[in-house]
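See below for the structure under consideration.
Only the coordinates and a few stated rules stand behind these numbers; no lab work does. Keep in mind it's a predicted model, so treat the numbers as computed, not measured. Heads up, the Cβs are rebuilt from the backbone with ideal geometry, glycines too, and the neighbour counts pull from every protein chain shown.
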Amino acid sequence: MTKFLLVLHVLVAIVAVGPVTVAASMFPPSARRALAEPDNPRATETVRLLHRICRVYAGLGIAVPVLGMATALSMGVLYDTWLIVSMVLTGIAAAVLLALVLPRQEEIIEAVEAGAAKAPEAAEAPGAAGTSAAGASTASAASVVVAVDPRVTVRLAMFTGIFNLLWATVTILMIVRPGSTTGA
């Protein structure tokens, strides 16, 4: 049963986490292209597709730690330091993806769909940073302005890189298993 769980855990990790790391890494340059070419439907569709891949496979990725815990329990290593560190890093990676990567991708998609040409108009409008003359919130107009700023895609690339480094570290820990007595 242990080998079956281990194989399933590894396969799900490859199939679920792999596409997220690749699609998330491709998103920032694709977003810059889509923002620079607002009339290019292919650029817009590429950004939407990459975000959809990230969202869907992030959901499937929940199975990775579940299967990992079952495998660790079966192997008797649930309380080994290398595994606890891996679980903490996995939690941090999930938090980075859910709190920093996916929401910024959504903001950029909104900006791409609104059209980069509308962003300068929103920035010049009175009260664009918070409320309009009528007192209504214009946060969406402000987010369009922020999302068009190239620094947003650079920050997104940084958060994506952190996410990828966390997963690379977890992968290394899973292979090397420092201090493990179960062999490696």
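Annotations
- The distance between label points at THR171 and GLU113 comes to 3.2 nm (points 7 Å beyond Cα on the Cα→Cβ vector).
- Among 47-56, 78-87, 26-35, the order from most to least packed when residues are scored by Cβ within 10 Å on average: 26-35, 47-56, 78-87
- Modelled spin labels at TYR79 and ARG42, positioned 7 Å past Cα toward Cβ, are 5.9 nm from each other.
- The range 1-125 shape via C-alpha gyration tensor axes, a/c threshold 1.5: prolate
- Potential lengthening of the chain between SER25 and ARG55 amounts to 9.4 nm, from the contour at 0.36 nm per residue minus the alpha-carbon distance.
- For the range 9-117, the residue among ALA13, ALA111, SER30 whose Cα projects farthest onto the positive side of the dipole built from Cβ charges is ALA13.
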